[in-house]
Amino acid sequence: MRSTDQNISKPSASITIKPVHLNSYVAGKPIYSGEQLEVFFPYDKQLAGTVTMANRTLVDDAIKSALQGPKNLSRYERYQILDKARQLLESRQDEFARLITSESGLCIRDALYETGRARDVLFFAAMETLRDDGQIFSCDISPNGKARKIFTTREPLDLAVAITPFNHPLNQVVHKVAPALAAGTPVILKPSEKTPLTAIRLVELLYEAGLPGYMLSVLVGPTSEVAEQLVADPRVSLVSFTGSVAVGKRIAHTAGYKKVILELGGNDPLIVLEDADMELAVTLAAEGAFRNSGQRCTSVKRLLVQEGIIERFTELMVERGKTYRIGDPFDLETRIGTVIDESAAMYLEEVVQKAVSDGAEVRMGGRRQHAVMEPTILAHVPRTTPMVVQESFGPLAPIITISDINDAIEVANASSYGLSSGVVTNDMQKALKAIKELKTGTVNINEMPGYRLESSPFGGIKDSGLGIKEGVIEAMKCFSYVKTFSLPW
Ligand code: NAP
């Protein structure tokens, strides 16, 4: 399975996976008895691992343990734990990357990259624990003033719940857990049942780094027994959720009186204008659409390319697309592993077929075998076909023709999503126009929509989220509340 021209035959991975046997944890204590969840390598269905699942009673135990904990970790202790975790992760990078690949089918190259990002998250979170976050307001600055000063300080929340998706089995988890711990807030983590193994290994690593048990539990189990109980429980102060729009909106209805952070799906455009550096545009388009098998919330899901360059751009994209090797996710040369499971690949194949029946032309790929979806490039994609109206979570690069920047912005904004966007142009006026008019949480000029630092603000609007940002610094604000106090001065 080396190129898109070869027939995709029966998958056979280069390594035999030794399955790991892991447990849910309540406040640092492993749960040994309970139903077992089996997790399979999506490429050839080898068993990747098992997890002992939690139930409703254990949810209650985890909540009580978190609330009863002393919550007295100093900033320096939190720093030490997060920094130690970073060091441990660095030393176990290969082990974590292999685990990510074994449960998600992401190629090892992407998995290694993900461990580096997770290390950065721990690094930034550790640094932020040392930074004072208070403000001071002098009160004698208006005719109504007084000789006083108001100070702000941030207090941890009683308890946060973090619910994470499958697509970045490590980075999505650490992006919630690390800022919460940095803020001193205990967390109960509910990872995706498709990729719980990496999440549990991360929790074990944090315990090893010195984290007291009450600060973190990880519960894997049936949605109605675990996730829904956690969301609805009034003792929980905050739910931080990343995942699909449907589940996010359901959580918004059921969470009740608590803080809710929702990071939902995306349908990100990359706009390529006629004056663009073509080489750059093709690199951003291919990486944006294909990396992580196209399963990133900020993957390029629509290529909006100006009509004068459309044929040249499409030719170059196909040339570039052919360099993306697909197949055995454990092979370091592979650039596209599987999508999360066979049904996801079947869905992608269906939206390709529907786009073709709506008038699109497949210029490369378009087929799937088991859970491997070929990197697929389509030209003349109608603006209304489901592939580009809904979120298509896979390595698809649909090219839509636009007439100019105004048309591009109109098409981009017609989406119900509003996560990120990218514009490739050398015209500063057009770049500024896009920054001002695109209705998305992020606009990147001459970059992929997904570009960010792990500490910079990140998050979407419209169906992609409520405009509340994550990224280490913003997330720490969410995972804490501001207390003000004032003194005579
Ligand atoms: P999902 O199906 O919504 O699942 C996400 C998490 O929610 C899983 O842990 C899932 O548990 C849990 N869940 C399911 N039903 C629930 C309920 N009724 N109440 C509470 N929790 C529930 O999403 P996914 O398919 O794993 O992830 C892909 C989606 O995430 C895509 O739409 C992608 O764009 C989005 N995403 C967004 C961002 C962002 O930052 N905006 C980042 C990454 C991914 P089970 O696994 O046990 O069902």
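The values are calculated or read from the model by the stated rules, or taken from the named source; none is laboratory data. Source: prediction; values computed, not measured. Don't worry about glycine lacking a Cβ; one is built from the backbone with ideal geometry, like all the others, and counts go over all protein chains shown. For the accessible areas, the whole protein counts, side chains as well, though only heavy atoms, and no ligand, DNA or RNA atoms are used. Shrake-Rupley method; radii C 1.70, N 1.55, O 1.52, S 1.80 Å.
Of all the criteria given as (1) outside any strand (DSSP E or B); (2) among the polar types (S, T, N, Q); (3) away from the ligand (no atom under 16 Å from the Cβ); (4) in contact with a helix residue (DSSP H, G or I) (Cβ under 8 Å, 6 or more places away or on another chain), the one not satisfied by residue 401 is (1). Taking the stretch 394-426 as the range and being open to solvent by 50 Å² or more (accessible area, probe 1.4 Å) and either closer than 26 Å to residue 322 by Cβ or among the charged types (D, E, K, R) (or both) as the test, the residues that pass are 404, 410. Within the stretch 190-228, being of a type in the set (Gly, Ala, Ser) and assigned to a helix (DSSP H, G or I) holds for 199, 213, 227.
The residues of the stretch 25-53 that are of a type in the set (Phe, Trp, Tyr) and under 25 Å from the mean Cα position of the chain (by Cα), listed by number, are 25, 40, 41, 43. Here the condition is being more than 12 Å from the ligand (Cβ to nearest atom), in contact (Cβ under 8 Å) with a residue 24 or more places away in the chain and farther than 26 Å from residue 110 by Cβ; of 210, 288, 221, it holds for 210 alone. Restricting to the stretch 227-238, and then to whatever is open to solvent by less than 10 Å² (accessible area, probe 1.4 Å) and more than 8 Å from the ligand (Cβ to nearest atom), can you tell me which residue is nearest to the chain's Cα centre (by Cα)? This residue is 238.
Comparison of 113, 79 shows that the only residue that is open to solvent by 80 Å² or more (accessible area, probe 1.4 Å), aromatic (Phe, Trp, Tyr) and over 30 Å from residue 234 (Cβ atoms) is 113. Scanning the stretch 452-473 for residues that are more than 11 Å from the ligand (Cβ to nearest atom) and open to solvent by less than 50 Å² (accessible area, probe 1.4 Å) gives 454, 455, 456, 467, 472.
Tell me, yes or no, whether the stretch 15-38 has at least one residue that is at pLDDT 95 or above, open to solvent by less than 90 Å² (accessible area, probe 1.4 Å) and of a type in the set (Asp, Glu). Taking every residue of the stretch 15-38 in turn, none turns out to be at pLDDT 95 or above, open to solvent by less than 90 Å² (accessible area, probe 1.4 Å) and of a type in the set (Asp, Glu).
With the structure loaded, tell me whether residue 195 is near the ligand (Cβ under 10 Å from one of its atoms), in the same structural domain as residue 60 (by TED's automatic domain parsing), of a type in the set (Ser, Thr, Tyr) and open to solvent by less than 10 Å² (accessible area, probe 1.4 Å) or whether it fails that test. When the stated conditions are applied, residue 195 passes them.
Contact map, the stretch 28-52: residues that are in the same structural domain as residue 212 (by TED's automatic domain parsing) paired with residues that are among the acidic types (Asp, Glu) and assigned to a strand (DSSP E or B), Cβ distance under 7 Å, separation 6+ or inter-chain. Pairs shown: 47/38; 50/38. Residue-level check: of (1) outside any helix (DSSP H, G or I); (2) in contact (Cβ under 8 Å) with a residue 12 or more places away in the chain; (3) in the same structural domain as residue 130 (by TED's automatic domain parsing), residue 79 misses just (1). Confirm whether residue 410 is in the same structural domain as residue 124 (by TED's automatic domain parsing) and not basic (Lys, Arg). Spelling it out, it is not the case that residue 410 is in the same structural domain as residue 124 (by TED's automatic domain parsing) and not basic (Lys, Arg). Restricting attention to the stretch 427-440 and to residues that are in contact (Cβ under 8 Å) with a residue 60 or more places away in the chain and in contact with a strand residue (DSSP E or B) (Cβ under 7 Å, 6 or more places away or on another chain), the residue that is least open to solvent (accessible area, probe 1.4 Å) turns out to be 434. When every residue of the stretch 202-213 is checked against the conditions, at least one turns out to be modelled with pLDDT of 95 or more, within 19 Å of the chain's Cα centre (by Cα) and of a type outside the set (Phe, Trp, Tyr). Being of a type in the set (D, E, K, R) and within 16 Å of the ligand (Cβ to nearest atom) is a description that does not apply to residue 354.
Got a sec? Which strands (runs of 3 or more DSSP E) wholly within the stretch 132-174 have at least 1 residues that are assigned by TED's automatic domain parsing to the domain that holds residue 246 and either under 30 Å from residue 223 (Cβ atoms) or within 16 Å of the ligand (Cβ to nearest atom) (or both)?
Where strands (runs of 3 or more DSSP E) fall fully within the stretch 132-174 and carry at least 1 residues being assigned by TED's automatic domain parsing to the domain that holds residue 246 and either under 30 Å from residue 223 (Cβ atoms) or within 16 Å of the ligand (Cβ to nearest atom) (or both), they are 148-156, 160-163.
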